[in-house]
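A quick write-up on the structure given underneath.
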Amino acid sequence: MSGNRETLLYLDGVSVTFDGFRALNSLSLVLAEGEMRAVIGPNGAGKTTMMDVITGKTRPDTGKVVFGKDTDLTKMDEPAIADLGIGRKFQKPTVFEPHTVWDNLLLALAGDRRPRFTLWARQTSEESDRIDAILKTIRLREHRDRRSGDLSHGQKQWLEIGMLLAQEPQLLLVDEPVAGMTDAETEQTAELLREINRTRSVVVVEHDMAFVRALGVKVTVLHEGSVLSEGSIDHVSNDPRVIEVYLGR
Ligand SMILES: Nc1ncnc2c1ncn2[C@@H]1O[C@H](COP(=O)(O)OP(=O)(O)OP(=O)(O)O)[C@@H](O)[C@H]1O
Ligand SMILES: [Mg+2]
């Protein structure tokens, strides 16, 4: 599947140091256009820091981060990188709890980078169609008129993914999406991300191995800020070095 696809994103020799501690240590990684990649590794391996570097939150000391043909992300700030089409979901949901599911999506719609100025104006039919499509993807069609604060934890996570989809990202970064979810929600999240991956590239960081297996994609194992192992889930979970530092604990 990943045969002749173009490279969408690559990191080359990226290092990040915090007060003398190397969070990323000459990290290199290549993501193909249209690919979904799972990133695993022990606590403190540098997974979140890697996302911080891609999204411009953290500047690397050395190394290259290149998106598309030749866009150097290390020269750009966070809003500019978001505008390029890189969307990021943080671990803690940040939905507007007093608003309905529908209104949260309306507020998040692209075309207007600032939050939509007001909910008083009725949405256009184009906006409604897009919200309907997103609701279907995130499995919240039946919940569109509910107050977001009343959703389950898992549903809030899906809504937040929907709010990112509203901005039509080319690349979606998700950090530990299934933490705190029920098993059923976890399974549905794997399915949901696979659906999203039909039209967008995705990088997903997660500790839940059943979930990672359900994604069925190439896995990168980070350890001490660099790649320890990479390949299919079976390949990395049989790699003695991965068992030693991560899976065997
Ligand atoms: N802003 C910061 N200042 C100082 N140290 C930091 C900062 N951000 C991360 N670190 C350190 O860098 C290392 C890598 O952290 P990071 O959050 O990237 O790990 P992670 O792989 O996401 O771990 P987890 O699985 O626990 O989320 C950790 O030791 C962390 O304490
Ligand atoms: Mg993390």
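The value of relative contact order for the range 1-69, using C-alpha pairs under 8 Å at least six residues apart, is 43 percent. For the range 134-237, the solvent-accessible area of protein heavy atoms averages 40 Å² per residue (probe radius 1.4 Å; ligands and nucleic acids excluded). Between the amide H of Glu176 and those of Val205, Glu206, distances stay under 5 Å, these residues lying 5 or more places away or on another chain, with hydrogens modeled in the peptide plane. Taking Gly85, Gly162, Gly34 as the candidate residues, the one with maximal mean-square fluctuation in a Gaussian network model of the chain, Cα springs under 10 Å, is Gly85.
The accessible surface of the chain, taken with every protein chain in place and a 1.4 Å probe, is 49 percent carbon and sulfur. Judged by the mean number of other Cβ atoms found within 10 Å, the most tightly packed of the peptides 141-150, 8-17, 46-55 leads the ranking 46-55, 8-17, 141-150. Modelled spin labels at Asp145 and Phe96, positioned 7 Å past Cα toward Cβ, are 2.0 nm from each other. Could you pull out the pairs from Lys69/Lys218; Lys89/Lys218; Lys47/Lys136 whose alpha carbons sit more than 27 Å apart here? Those over the limit are Lys47/Lys136. Taking a ≥ b ≥ c as the square roots of the eigenvalues of the alpha carbon gyration tensor, the range 7-74 is oblate, as a/c is not under 1.5 and a/b does not beat b/c. If R0 equals 22 Å, the separation of the Cβ atoms of Asp234 and Thr199 corresponds to a calculated FRET efficiency of about 0.20. Surface exposure of the range 10-61, expressed per residue as accessible area with a 1.4 Å probe, stands at 38 Å². Taking each DSSP H run with n ≥ 4 as -39500 (n - 2.57) and averaging over every residue of the chain yields -8500 deg cm²/dmol at 222 nm.
Across the chain, Cα pairs under 8 Å and at least six residues apart give a relative contact order of 26 percent.
For the range 148-232, trypsin sites (Lys or Arg not before Pro) are listed when DSSP marks them as loop and at most 15 other Cβ atoms sit within 10 Å of their Cβ; the list is Arg198. In straight Cα distance, which aspartates and glutamates are under 17 Å from Lys75, not counting same-chain residues fewer than 8 positions off? Here the aspartates and glutamates satisfying the reach criterion relative to Lys75 are Asp12, Asp52, Asp61, Asp83.
Modelled spin labels at Ala80 and Glu187, positioned 7 Å past Cα toward Cβ, are 4.6 nm from each other.
DSSP assigns beta bridges within the chain; of those with both partners inside it, close to 55 percent run antiparallel.
Summary of packing: across the peptides 98-108, 229-239, the per-residue average of other C-beta atoms within 10 Å ranks them, highest first, as 98-108, 229-239.
Dividing the radius of gyration of the alpha carbons in the range 172-213 by their Kirkwood radius gives 0.93 for Rg/Rh. Where the alpha-carbon atoms of the chain are placed on the principal axes, they occupy 55, 40, 40 Å, in descending order. Between the helical axis of 183-196 and the longest alpha-carbon principal axis of the chain there is an angle of about 90 degrees.
The values are calculated or read from the model by the stated rules, or taken from the named source; none is laboratory data. All values derive from a computational prediction rather than experimental measurement. Cβ sites come from the backbone with ideal geometry, for glycine too, and all protein chains shown count toward neighbours. With ligands, DNA and RNA removed, areas are computed over all heavy atoms of the protein, side chains included. Shrake-Rupley method; radii C 1.70, N 1.55, O 1.52, S 1.80 Å.
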